[in-house]
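The values are calculated or read from the model by the stated rules, or taken from the named source; none is laboratory data. Computed from a prediction, not measured in an experiment: that's the story for all the values here. FYI the Cβ positions are ideal-geometry reconstructions off the backbone, even for glycines, and counts take in every protein chain you see. Only protein heavy atoms, including side chains, enter the accessible area calculation; ligands, DNA and RNA are left aside. Shrake-Rupley method; radii C 1.70, N 1.55, O 1.52, S 1.80 Å.
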Number of protein chains: 2
Amino acid sequence: MKKFEEKTIKSEKIYNGKMIQLQVDDVTLPNGKTAKRELIKHPGAVAVIPITKDNKIVFVEQFRKPLEKSIIEIPAGKLEEGEEPEVTAIRELEEETGYTASSLSFVSSFYTSPGFADELMYIYITDQLEKMENPVAGDDDEFIEILELTLDEAKQYLEEERIHDAKTNYAILYLHALEMR
Amino acid sequence: MKKFEEKTIKSEKIYNGKMIQLQVDDVTLPNGKTAKRELIKHPGAVAVIPITKDNKIVFVEQFRKPLEKSIIEIPAGKLEEGEEPEVTAIRELEEETGYTASSLSFVSSFYTSPGFADELMYIYITDQLEKMENPVAGDDDEFIEILELTLDEAKQYLEEERIHDAKTNYAILYLHALEMR
């Protein structure tokens, strides 16, 4: 849908980074006036809800520089160019948790922050986990602790805001709704 | 929690915009190596799930320049400096929908994209809506269409990805879980 489309008059690339690009566009509004739009370009991301055979959820705790603290999240990572989300999902699961999965089910996808960023997050779930005999190495600038939690434990961490991000809060609500069926 | 803390060696401000700031930090990793972190500073945002007396949900459709399309979302807006989230919530509800609310209940809060941004989203719900006799004007660069939908209609839009963002997908899952109680 292109309702209330804002046409670009001018587009200025401000920053071209490793993860994000920043661009500022001058646009024409539906009433003919102009405005500036600040846009973050992001390759997109994928997250997995990994459920173990004894019905625990695998989380990772890592330091998030933008928040200046560590939080507990479901495993996730950004899409490489041209990569299918399912491939990213398995790769990030393997690198971050030491588990692999023989199959994934799609849960949902959403733009994380459509007011200023184009990041699209894909969420998958799997209960087909296998411990890898030879775990693969992850990014060398990622430091991660693995936690396997029951849903009740995860809800407690959410209450304490140690779980506190969109994909993970969504995942817990999703599992909660599943449990109520 | 400061687990795996990344200490800032150098911080460079790249862009200071109307909605976001971009900063690039050089950090020391737990293993002593260094890395760059690209950080978006955002004032935070608030969203409301507004439920009418006939049990419909009030949504707004607007063009989102980062996505180059319009999507259907629950009413939301960014926090002004020093403003309480509840105050922002009522203001955005009034400006975007023409409804006001005598009370709000807190649902959840989450970081939308903790890998690169510090945006914290607060979500509230209310079924205490009143049509305003003299609607207030919103931002003069916002063009919005109001939709009142049943939960089933909203789920259909979600299926079609016309609803497709973190806070709104979360809201629909939240109402779905409520309905199953």
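Residues that are more than 14 Å from chain B (Cβ to nearest Cβ) and either among the β-branched types (V, I, T) or open to solvent by 10 Å² or more (accessible area, probe 1.4 Å) (or both) within the stretch A:86-97 comprise A:E86, A:V87, A:I90, A:R91, A:E94, A:E95, A:T97, listed in sequence order.
Does A:V58 satisfy being more than 7 Å from chain B (Cβ to nearest Cβ), within 17 Å of the chain's Cα centre (by Cα), over 22 Å from B:P66 (Cβ atoms) and not basic (K, R)?
In short, yes.
The residue of the stretch A:140-159 that is surrounded by the fewest Cβ atoms within 10 Å (Cβ to Cβ), among those that are touching a Lys or Arg at 6+ places or on another chain (Cβ under 7 Å) and more than 20 Å from A:E68 (Cβ to Cβ), is A:T150.
Looking only at the stretch A:107-140, which residues are of a type in the set (G, A, S), modelled with pLDDT of 95 or more and within 20 Å of A:L93 (Cβ to Cβ)?
If we filter the stretch A:107-140 for residues that are of a type in the set (G, A, S), which is where we start, we get A:108-109, A:113, A:115, A:117, A:137-138.
If we keep only those that are modelled with pLDDT of 95 or more too, we end up with A:108-109, A:113, A:115, A:117.
Scanning the stretch A:107-140 gives A:S108, A:S109.
Counting the residues of the stretch B:28-75 that are more than 26 Å from B:I14 (Cβ to Cβ) and modelled with pLDDT of 95 or more gives 25.
Pairing residues of the stretch B:117-130 that are without any contact (Cβ under 8 Å) to a residue 60 or more places away in the chain with residues that are of a type in the set (S, T, N, Q) and open to solvent by 60 Å² or more (accessible area, probe 1.4 Å), at Cβ distances under 9 Å and at least 6 apart in sequence or on separate chains, gives B:Q128/B:S102; B:E130/B:S102. Filtering the stretch A:4-47 to residues that are open to solvent by 50 Å² or more (accessible area, probe 1.4 Å) and among the basic types (K, R) leaves A:K7, A:K10, A:K13, A:K18, A:K33, A:K36, A:K41. B:N55 meets the conditions (1) farther than 26 Å from B:E161 by Cα; (2) open to solvent by 20 Å² or more (accessible area, probe 1.4 Å) in every case but one. The failed one is (1). B:F106 - would you say it is in contact with a strand residue (DSSP E or B) (Cβ under 7 Å, 6 or more places away or on another chain), over 16 Å from B:V60 (Cα atoms) and open to solvent by 60 Å² or more (accessible area, probe 1.4 Å)? It is true that B:F106 is in contact with a strand residue (DSSP E or B) (Cβ under 7 Å, 6 or more places away or on another chain), over 16 Å from B:V60 (Cα atoms) and open to solvent by 60 Å² or more (accessible area, probe 1.4 Å). Residue count for the stretch A:30-59 satisfying the condition of being outside the structural domain of A:S103 (by TED's automatic domain parsing) and free of Cβ contacts under 8 Å to residues at least 24 places away in the same chain: 4. Taken together, the residues in the stretch B:1-50 that are on the phi > 0 side of the Ramachandran plot and touching a Phe, Trp or Tyr at 6+ places or on another chain (Cβ under 6 Å) amount to 1. Only one of the numbered conditions (1) over 23 Å from A:V107 (Cα atoms); (2) open to solvent by less than 60 Å² (accessible area, probe 1.4 Å) is violated by B:R162, and that is (1). Restricting B:A117, B:A137 to those that are in contact with a helix residue (DSSP H, G or I) (Cβ under 8 Å, 6 or more places away or on another chain), open to solvent by 30 Å² or more (accessible area, probe 1.4 Å) and within 14 Å of another protein chain (Cβ to nearest Cβ) reduces the list to B:A137. The test for being within 14 Å of chain A (Cβ to nearest Cβ) and either among the β-branched types (V, I, T) or open to solvent by less than 50 Å² (accessible area, probe 1.4 Å) (or both) holds for B:E73.
When A:M180, A:M132 are screened for being surrounded by fewer than 19 Cβ atoms within 10 Å (Cβ to Cβ), more than 29 Å from A:L22 (Cβ to Cβ) and either within 13 Å of chain B (Cβ to nearest Cβ) or touching a Lys or Arg at 6+ places or on another chain (Cβ under 9 Å) (or both), only A:M180 passes. Among all residues of the stretch A:116-127, there is at least one that is among the hydroxyl-bearing types (S, T, Y), within 30 Å of B:D25 (Cα to Cα) and under 18 Å from the mean Cα position of the chain (by Cα).
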